[in-house]
Amino acid sequence: MIPVIEKTSLEQTSAFLQACRREETAYTPIWLMRQAGRYMPEYRAIRAQYGMLEVMQTPELAAEVTLQPINAFDLDAAIIFSDILPPLIGMGLDLEFVKGEGPLIHNPIASAADIARLRVPSPAENMQPTLDAIRLATVELTPRGIPLIGFCGAPFTLASYAIEGGGSKTYAKTKALMYTETDAWDELMRKLAAVQADYLLAQAEAGASALQVFDSWAGLALGLQDYVKYIRPYNKLIFEKVAQAGVPTINFSTGTAVYLDEVAACGGDVIGVDWRLPLDMAWAKIGYERAIQGNLDPVALLTPWPVLKEKVDDVLRRANGRAGHIFNLGHGIFPNVPVDNVRRLVDYVHEATG
């Protein structure tokens, strides 16, 4: 049996968890989306032997990859190595990660009948390998004072993959179904919200100290009115249900600068923001009663150190030392980022704010 480590002392000592609660910290905590990934030679070595799904569905491998950036850098939190899409498999969708192309759904949703056939599996049925990976990783992380973040995808982002069959630039099929099949859309979003909320709760039970919801595509596809009508009610369902876990929640989205206040209205102790709106403006928009996460442009990590430092300093200046800032990127690390830039970024954020 995989043990569960006591988290009480971690909650009291972790700068990341303190910042989630808007408590004063000794320095600004930092972790990075996609901090375990292709820019790291250790990760590439594992992927040379195993496919993406195989790594995610093998607890020992997923835990090992989760720990790689923690072993390499002085990060303040780990995030379980997985992806937002595997929960769709247990719902009845045929997911494949194709090298060079990304995720593909071989039986995409095309009708109300397809939605009616979707299952709502329990986390144990659907995502047990990831839950086991969380338990394995926390055995290593908790004694080192590093909290683990669990996560899921938001309903619209998952629905867009499931309907389009993969990534999309227009989201035409998704929006057409959303506009014309309103009852079916409601059923789809409620099923996705139920599966994701239960999955997050299971991750917290397995040992995750915080939970993040990724809404990567809603802001790129939808305007304010559509977001409020078709998205907000279902994202809110997730945060309301997950509150019972008693751990901090992070609500991250991209492209939502115009209606960031409506994103915040869905819930989340921390609002994760992308680089499109300066951090001080974003924080004013969501309200200072919320913690904020972000928001360095990921491209900055590809630039020489003087340029990168200038960009980092700008984010820190806009945070103004206010309690509740978690430094992160506005999206995930690019695969071609120099490892040394990541190391210098992490160390500099600690030095500049400590």
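Here is how the numbers come out for the structure above:
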item: Amide H contacts of ASN328 (H built 1.01 Å from N, under 5 Å, at least 5 apart or other chain); result: GLY294, ASN295, LEU296
item: In Hz, Karplus ³J(HN,Hα) per residue of the stretch 19-30 (6.51, -1.76, 1.60; θ = phi - 60°; x = Gly, Pro); result: 5, 4, 8, 6, 8, 5, 10, 5, 7, 6, x, 9
item: Those aspartates and glutamates that a straight Cα-Cα span of less than 19 Å connects to LYS241, excepting residues fewer than 8 apart in one chain; result: ASP186, GLU187, ASP198, GLU205, ASP215, GLU262, ASP269
item: Rounded Å value of the spacing that divides the Cα centres of the stretch 164-210 and the stretch 222-241; result: 11
item: Unit charges at the beta carbon, dipole of the chain: most positive-side option, LEU220, GLN35, ILE333; result: LEU220
item: The stretch 248-349: chymotrypsin sites (Phe, Trp or Tyr not before Pro) in DSSP coil with no more than 11 other Cβ atoms inside 10 Å; result: none
item: Fully extended contour minus Cα-Cα distance, from ARG44 to ALA26, at 0.36 nm per residue; result: 3.0 nm
item: Amide proton proximity set for ALA210, modelled H, under 5 Å, gap of 5+; result: LEU148, GLY150
item: Qualifying trypsin sites (Lys or Arg not before Pro) for the stretch 108-175 [loop in DSSP, other Cβ within 10 Å: at most 14]; result: ARG119, LYS169
item: Computed [θ] at 222 nm, helices only, for the chain once each DSSP H run of length n ≥ 4 contributes -39500 (n - 2.57); result: -14000 deg cm²/dmol
item: Amide H partners (placed H, <5 Å) of GLY153, local residues excluded; result: PHE214
item: Residue-wise HN-Hα coupling along the stretch 254-269, computed from phi with Karplus coefficients 6.51, -1.76, 1.60 (Hz; x: Gly, Pro); result: 10, x, 10, 4, 5, 10, 4, 5, 6, 4, 4, 5, 6, x, x, 6
item: Loop sites in the stretch 1-103: trypsin sites (Lys or Arg not before Pro), DSSP, at most 16 other Cβ within 10 Å; result: ARG21, ARG38, LYS99
item: In order through the stretch 220-227: 3J(HN,Hα) via Karplus (6.51 cos²θ - 1.76 cosθ + 1.60), integer Hz, x for Gly, Pro; result: 7, 9, 10, x, 4, 5, 5, 4
item: Set LYS236/LYS285; LYS99/LYS175; LYS169/LYS229; LYS169/LYS311 screened for pairs whose C-alpha atoms are more than 20 Å apart; result: LYS99/LYS175; LYS169/LYS229; LYS169/LYS311
item: Two-site FRET efficiency, VAL228 against ASN320, from Cβ-Cβ distance with R₀ of 30 Å, rounded to 0.05; result: 0.50
item: Exposure proxy ranking, count of Cβ atoms within 10 Å, fewest first, for GLU310, GLU187; result: GLU310, GLU187
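Each reported figure results from applying straightforward, stated rules to the coordinates on display, with no laboratory input. Bear in mind that the values here come from a model prediction, so they are computed numbers and not experimental data. Cβ coordinates were reconstructed from backbone atoms using ideal geometry, including for glycine residues, and neighbour counts include every protein chain displayed.
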